[in-house]
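What follows is a short report on a single structure.
Throughout, read-outs are computed from the coordinates displayed, never taken from laboratory work. Small disclaimer: the values here were computed from a predicted structure and weren't measured. Here the Cβ is made from the backbone with ideal geometry for all residues, glycine too, and neighbour counts use every protein chain on show.
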Amino acid sequence: MPERTESESRKLLRRLRDTMAEAGAGQERLDRITHLIAESMQAEVCSIYLFRDDDTLELCATEGLKAESVHKTRMKLGEGLVGRVAKSSTAINTANAPAERGFRYMPETGEEIFSSFLGVPIQRLGEKLGVLVVQSKEARLFSDDEVYALEVVAMVVAEMTELGAFVGEGAALSALHQQPVLFRGGTGQEGTAEGHVWLHEPRVVVTNPVGDDPQKEVQRLGEAVDQLRLSVDAMLSMTEGQDKEQSQILEAYRMFANSRGWLRRMEEDIARGLSAEAAVEKEQSAARARLETVPDPYLRDRLHDLDDLSNRLLRILTGQGSDTGAEMPDAPILVARNIGPAELLDYGRKLRGIVLEEGSVGSHAAIVARALAIPLVIHAERITAEALNGDHILVDGDQGTVHLRPEETVAGAFREKIAMQAAAQSRYASLRDLPATTRCGTTISLHMNAGLMGDLPSLAGSGADGVGLFRTELQFLIRTTVPKRSELAAIYNNVLDAAKGKRVAFRTLDIGSDKVLPYMKRVDEPNPAMGWRAIRVGLDKPGIMRMQLQALLRGAAGRPLTVMFPFVAEFDEFRIARQMLLDERERERQLGHKLPETLEIGAMMETPSLAYAPDAFFRMTDFISIGGNDLKQFFFAADRENEQVRRRYDLLNTSFLRFIANIVRRCEENRTPLSFCGEDAGRPIEALCLAAIGIATLSMRPASIGPVKHLIRNVDLSHLKELIATECDAGNTNIRSAVMAWLSTQDI
């Protein structure tokens, strides 16, 4: 590229910066900018379009088009050439705009006399802000240097927009990060919370997008890249010989950190007038834009690596580490793209809620959130680009929605909902020591799910009869190496101490699928939920299984011990796992260690196949716990991680109820105790119907025990059982409406 172009580009950027420093409203600045760009690029037209909402662009300033069209001309995302630039996040350069696909003629602008068109996106880290356009009467393609120069200018305009330089009247000139925003995501953990945003990775703010001295900026960039390379090398040396997968990720980091192409592009951006920080962010924005269009998961992961590496480089350049010195606000609600279990546990119970851009209902974060009883919303797309530390935020984990900077009417209604829930919980507290006995005299045993020592105080507070599911994988997930047997034994011992004699059902290690241990080689599977997970891993890796079984036996310290194996699909899997536990008990006896007073060995029924196992299975197992979440997804062939299908299928579907009733019948015939564990157990209507068809033990999150107990104590199950039978015999697909209608006639 000629030196003259570099000088002109830098000169324009300096003039832009000076314009920003001048007093004046946002509209005045925009008008001056369009004049400067048109003059510098020797174009008759320069126009700036900004988003007024997610789908609509508005002409906010122009040099060369009719002045009366400003704030009047609007187009939808994807409409016309400007809309195409915004939607694709890529430049359009044409010598004959009217002949281009999707061209839209806007007579109010007077643009019919202009032939050439160059439009580039105004974007920042994937956040679409608008489109910058230049046009000429002469039918010509703008040169690569001119396209590049306009992209650099658009980068600075994006930074200035982020910093609030163009605030004025109208929606398109409204201040960023000040308007109310509603995010619709998915439910990771139920519950509601009001608080203030705490960003897990605070945004790096670039306050100096224009660099005066290119040589100095290139030197700063080079020094920061050298520091980045050293830090990646140090991380690699720490994982050497330990975690192959983590090493592979860091090798990808090293590849990018040593990429001459990446560094050269940033140096070229600096040559055109950007500061080192702005050059890094420009490349990062380009990577994020490519992420949206890349379908290949491997390439998407690599672009994520580049994005993360850019963040690290920006923090080095700006000195804005992850600890920015900001104080955590009152009632903090964590906002992040994603977060690991150890990091989340570090925050502990200080958090009121969690909002993630990514995540899943079975992810590590969701498991910890459930264990901490913290409301969690997942798939809240783009919230990290919109939220700022301290922003007022409302999290509705029940509906999977988030209100950022809500209007007072919305906040008022939300507080009323929280108050009603608190009042209900207060009423339920009076039932804590009462049994869940129906009007017809049937007593249902209500247990709680747990996964951390911190959950155990809820055992007494909630009135639970015991722990129906203690997830043991969290102690494995939060470590970087396999925990020691002695550590696990101490944890299990403490759990039983805290339970104070109440039954605790320990589920053996349920890993695989989306729960991959940090020190375990990831298996690339097309369908992980139906792949190598849970008991399948335990049987294939008997060393880990035996170590955990030994820890459970020692942790019991002579008290009753209840163990259940997850994701059993056939009788032989349970028979082999059960024998492993019995062998370990015999080994403990021979070593002279204290044996459990009693030993219950059960299976989790999470696959439909196990419902049709031989009677010998039902007679051999001491109890069966239906894992409702997995069983329902496999019964309906509906991935519970997929929001498009998972809500379509209901426990109160008559086909599923018949299936559950068949399991109840087989357990009764073989005198096998049966329980139901999962989200549906904690929903009062569903819990009531499960009790009506014969499931006498339900396990749920502690907060659900009060509502479920309240409803159970106020109904006659015999009447509900008749209603369910009638609805099934009538050929109805779902009984929910019939049950709700019946409940409305009851005195509850």
Exercise for review: Excluding residues fewer than 8 places away in the same chain, name every one of the aspartates and glutamates whose C-alpha is closer than 20 Å to that of residue 350.
Suggested key: 190, 194, 201, 323, 327, 330, 391, 396, 455
Check your understanding: Over all distinct alpha-carbon pairs, what is the Kirkwood Rh of segment 332-483 in angstrom?
Key -> 17.5 Å
Practice item. Check each of the trypsin sites (Lys or Arg not before Pro) in segment 633-681 and keep only those in coil by DSSP with at most 10 other C-beta atoms within 10 angstrom; list them in order. Key: 648, 671
**Study point:** Nearest-0.05 FRET efficiency for residue 719 and residue 579, computed from C-beta distance (R0 60 Å)
**Key:** 0.85
**Study point:** Estimated vicinal HN-Hα couplings, Hz - segment 534-550 in sequence order (Karplus 6.51, -1.76, 1.60; Gly, Pro = x)
**Key:** 6, 5, 5, 5, x, 6, 7, 10, x, x, 5, 4, 5, 4, 5, 5, 4
Check your understanding: When DSSP assigns beta bridges and you keep just the ones with both residues in the chain, what percent turn out antiparallel, to the nearest 5?
Key -> 55 percent
Study note, to complete from the structure: the chain: relative contact order from alpha carbon pairs under 8 Å, six or more residues apart, as a whole percent, is 10 percent
Exercise for review: Please go through segment 587-631 and write out the GluC sites (Glu not before Pro) that DSSP classes as loop and that have at most 13 other C-beta atoms within 10 Å.
Suggested key: 597
Check your understanding: From the backbone phi of segment 64-76, what are the Karplus-calculated ³J(HN,Hα) couplings (6.51 cos²θ - 1.76 cosθ + 1.60, θ = phi - 60°) in whole Hz, Gly and Pro given as x?
Key -> x, 8, 5, 4, 5, 7, 5, 6, 10, 7, 9, 8, 7
Revision key, fill the gap. If amide H atoms are modeled at 1.01 Å from N in the peptide plane, then the residues at a separation of 5 or more from residue 466, or on another chain, having amide H under 5 Å from its own are 448
Check your understanding: Using alpha carbons only, what's the Rg to Rh ratio of segment 436-744 with Rh from Kirkwood?
Key -> 0.97
Review point. In Å, what Rg and Dmax follow from the Cα atoms of segment 1-140?
Key: 14.7, 42
Check your understanding: Whose amide H sits under 5 Å from the amide H of residue 125, counting only residues 5 or more places off or on another chain, with H placed in the peptide plane?
Key -> 285
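Report the GluC sites (Glu not before Pro) located in segment 104-152 that are in a DSSP loop and have at most 16 other Cβ atoms inside 10 Å of their Cβ, or state none.
Here the GluC sites (Glu not before Pro) that fit, given the DSSP loop and packing criteria, are 138.
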Check your understanding: segment 615-652 to segment 708-748: how many Å between their Cα centroids?
Key -> 22 Å
Study note, to complete from the structure: Over 24 Å (Cα to Cα) among 484/594; 500/721; 502/594 -> 500/721
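Highest first, please rank the peptides 262-274, 426-438, 30-42 by the mean number of other Cβ atoms sitting within 10 Å of their residues.
262-274, 30-42, 426-438
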Check your understanding: So which lysines pass the test for residue 216, namely a Cα distance under 26 Å, with those fewer than 8 places away in the same chain ruled out?
Key -> 11, 282
